[in-house]
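The values are calculated or read from the model by the stated rules, or taken from the named source; none is laboratory data. Treat the numbers as computed from the prediction; the structure is a model and nothing was measured. Ideal geometry is used to build each Cβ from the backbone, glycine not excepted, and the neighbour counts take in all protein chains shown. The area values use the complete protein model at the heavy-atom level, side chains included, leaving out ligands, DNA and RNA. Shrake-Rupley method; radii C 1.70, N 1.55, O 1.52, S 1.80 Å.
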Amino acid sequence: MADAIVLKNLTKTFGETVAVRDLDLAVPEGALYGVIGPNGAGKTTMIRMILSILFPDRGELTVLGRGSALEAKDRIGYLPEERGLYKKMRVGELLVYLARLKGMSGQSVQRQVRTWLERVELGDCEHKRCDDLSKGMQQKVQFVAAVIHRPDLLILDEPFSGLDPVNQRVMRDIVLEEHRRGATVLFSTHIMTHAEQLCDHVVMIHRGEKVLDQTMAGIRETFDPRRILFEPLDPGADVARLAALPGVRSVVRDGAVWDLSLGETANPSAVIPAVVAAITPSRIEVRRPTLEDVFISIVTGGAAIAEDDGARLRAALRDGGGAHEVRR
Amino acid sequence: MRKMLYVAGREFTTTVMTRGFIVGMLLTPALLGLVIFIMPRMMTRAAPKIEGQVAILDPTGVVKDALSSYLSPEKFAERRAKTREEIERQAPAELRQRAPAGADAAMRQSVETALGEVPRLAVTELPPGTEIEQAKAPLKTPLPKQGGDPNARLVLVVVHRDAVVREAGKDSYGTYDLYERGKIDERLVDDIHSGLREAIVSARLKESGLNPADVRNLTTVKRPESLTVTAEGERTTNTALNMLLPAGFMLLLMMSVMTSGQYLLMTTVEEKSNRVVEVLLSAVSAMELMTGKIFGQMAVGLLVLALYAGLGLMALFSFASIGLLDPILIVYLVVFYFLAAFTYAAMMAAIGSAVNEMSEAQSLMMPAMMVVMVPWVLWLPISREPNALLAVVLSFVPPFSNFVMLLRMTSNSPPPFWQTSLSIAVGAAGVYAALWFAAKVFRVGLLMYGKPPTFGTLIRWARMS
């Protein structure tokens, strides 16, 4: 399958600051990619370069098979991080205007606007002025502007921030629907659960550099912390003795729960029956790495962590790392 | 191109549909038109009637009769007829020729009514030896509200004893004292002064053995109407019009250019501060957005120009003076409007994209304001000497060239064609340079937030992109 977005050695500086450095990325057509990274990592700059709103100092990029997004703007939908609408304009008029700028024409535009407003539960807002809407409603209007022309590539910068859980679900369903329709979706987020729930693939940018570019399954495998969570049925049981079992490296208490760290070669499917045989559990489970763990480990572990430096990350996660501290 | 037109269309409609525009741009000409319509009707209201007494203490015995004759209703009517003739003579020949039938009579009537009914003044000589204080007393008694009391004393004149015959040993003649009541028509006092002057001078001349009529003839040189000689022929010089026409054209150009520029600045700052600009930039390129906005606002300026120029043309039509205007000047007005508006709008787009809010734009506005203010300051010297070195040089320095050249073209000695063409070419080059600079700043500035930039920052951005 062809790639919807290809970035090669993309670099952008603002004065002395390097916003994006030698960034390589390929997003296949029809994929759902999540871009994560701390504030100021360079996500928005990367997105703006993909959209030809900003131009790179160095490097090459291809968007929907074209050398520049300028040649394919009508096939791209974009929801910027900075929300903004013409305050004095009526919602319906604004959406018609933006849809026309995206190449839509004819009488159907008005109909499409109504359908989409109904879809995001703003059916009665068509004739309202934008500044009469709440912030969340304005965000939904802007979201409609990004998807109304059924783009082949949908780029969403922090699409769910500022929305209540109900509206987050509405937006998420639309994103998934667009993905199922065949659109390539690239979205940036700070909310790791969204990335985990939605994406097949996650890219992380830190200090202008790509530090992670993997499928969710790959991330779970690469960043497996090799830990088992254990809670004995008898609170007074001597759990510390489990450290003597083969494959168990250490046992650490964390409140009512015990954290069993496994050795590099230990197989959890062999260790778990041995633990159960030793002390009857009320709960036992293999600890899965969350994206948040990965994110925080990379951010707190320093910018120099390379994509393939999995062992070091694993070690950081296993040893408690930032993730553990933050969970508490 | 289609997208650029959508941007232009939105820019135009959202600007002209705002209350501020409707009130400021449409209501003002409407009010002006109303005033033009109402004024002549208001002028038909007659000035208040003047009737009363001019008391004179005349020890010379020769001034009273001459003053009495000067202030007689017949002489007043005669002088007014002369004034009216003078007004008519001042009006351009085209006006007189093209005036519709009856307009002459109507104009005469309105002049008559504006001047009011001829005053009915009785010049009463007070007996010699009358106390001045006693003679002043009637000036203090109130007049009837409607005026028209033939016995009411309006003015007291006390002629000096030596006003006509010099006293021995003195180099100069005496004069007269004039006491007037409060709230008296100044024109009447002027008339009395003129009457006294004429009466005393005539009396002195007679006393010296000279004939006043001969002296008047000897000292009068009739001032002829000057003629403007051009290749096309000769025409009467109309000094007032020669000054007003350039000023009118300049005002039209300034007003339309500044209106469109100001709105462009406002909408650009609004789009930037609203953060809507990023959505727009994902749909159109920065260049399409900027040119769309400029075209939209130029249409707004053109609407303003058409409105006010239309009003001016209407005024010329209604005074039957349309023939005074060379139609080619309208064409040049539009050409120079495009050149000036493009340049000014490009500057406004650059400034608007660079700042975060309107208040920050003020510091960057100075160079842009200069574009308009310099020709305005130089309006008088340029219209007086349209072919002086300063005017010629500024005609080739964009962006001033657009204003200066239009001023020169509407003056009474327009520049040669090659200068006009060269000025337009230079103006077009100025437009290109301004657009080039603005496009660069616009692209960088739109997404820059934070510290308000200086003019130096804008130049750095232009280099950067």
Checklist entry - For B:LYS206 and B:VAL23, what does the FRET efficiency come to when R0 = 45 Å and r is the distance between their Cβ atoms, rounded to the nearest 0.05? => result 0.10
Checklist outcome for this item: Links exceeding 24 Å between C-alpha atoms in this model, out of A:LYS43/A:LYS87; A:LYS88/A:LYS135; A:LYS73/B:LYS293; A:LYS88/B:LYS272; A:LYS12/B:LYS451, come to A:LYS43/A:LYS87
Checklist entry - Which residues of segment A:56-74 end up with at least 10 Å² less accessible area in the presence of all protein chains than when their chain stands alone, using a 1.4 Å probe? => result A:LEU70, A:LYS73, A:ASP74
Checklist outcome for this item: On each of the three principal axes the extent of the alpha-carbon atoms of the protein assembly as shown, given in whole Å and largest first, is 151, 63, 56
Item to check | Largest-first principal axis extents of the Cα set of segment A:113-223 (Å) | outcome: 51, 27, 25
Next on the checklist: Using 0.36 nm times the number of residues separating B:SER226 and B:VAL331, minus their current alpha carbon distance, what extension gain do you get?
Outcome noted: 34.9 nm
Checklist entry - How many nm separate the modelled label positions at B:ASP65 and B:ALA425, each set 7 Å beyond the Cα in the direction of the Cβ? => result 7.9 nm
Checklist entry - How large is the Kirkwood hydrodynamic radius of segment B:304-443, in angstrom, based on all distinct alpha carbon pairs? => result 16.3 Å
Checklist outcome for this item: Nearest-0.05 FRET efficiency for A:ARG150 and A:LYS128 at R0 = 25 Å, using Cβ-Cβ distance, is 0.50
Checklist entry - Considering only DSSP beta bridges with both partners in the protein assembly as shown, what is the antiparallel share in %, to the nearest 5? => result 60 percent
Item to check | Relative compactness, segment A:174-239, computed as alpha-carbon Rg over 2.2 N^0.38 Å | outcome: 1.66
Item to check | Cβ-derived FRET efficiency at R0 41 Å, B:VAL215 paired with B:GLU385, nearest 0.05 | outcome: 0.55
Checklist entry - Using a 1.4 angstrom probe and counting only protein chains, how large is the accessible area of B:ARG120 in Å², to 10? => result 110 Å²
Checklist entry - Going from the alpha-carbon gyration tensor of segment A:220-292, what semi-axes, largest first and in whole Å, does one get by taking the root of 5 times each eigenvalue? => result 20, 14, 10
Item to check | Spin-label zone in segment B:191-215 - amide nitrogen under 14 Å from a point set 7 Å from the Cα of B:GLU78 along the C-beta vector | outcome: B:195, B:198-199, B:213
Item to check | Cα principal axis extents for segment A:11-134, largest first, Å | outcome: 47, 30, 24
Item to check | Kirkwood-Stokes translational diffusion coefficient of chain A, alpha-carbon pairs, 20 °C, 1.002 mPa s, µm²/s | outcome: 97 µm²/s
Checklist entry - Simple spin-label model, 7 Å along Cα-to-Cβ: B:ALA433 to B:LEU32 in nm? => result 3.3 nm
Checklist entry - So what does the Cα-only Debye profile of segment A:75-130 read at q = 0.14, 0.19 Å⁻¹, as log10 I(q)/I(0), no solvent term? => result -0.38, -0.71
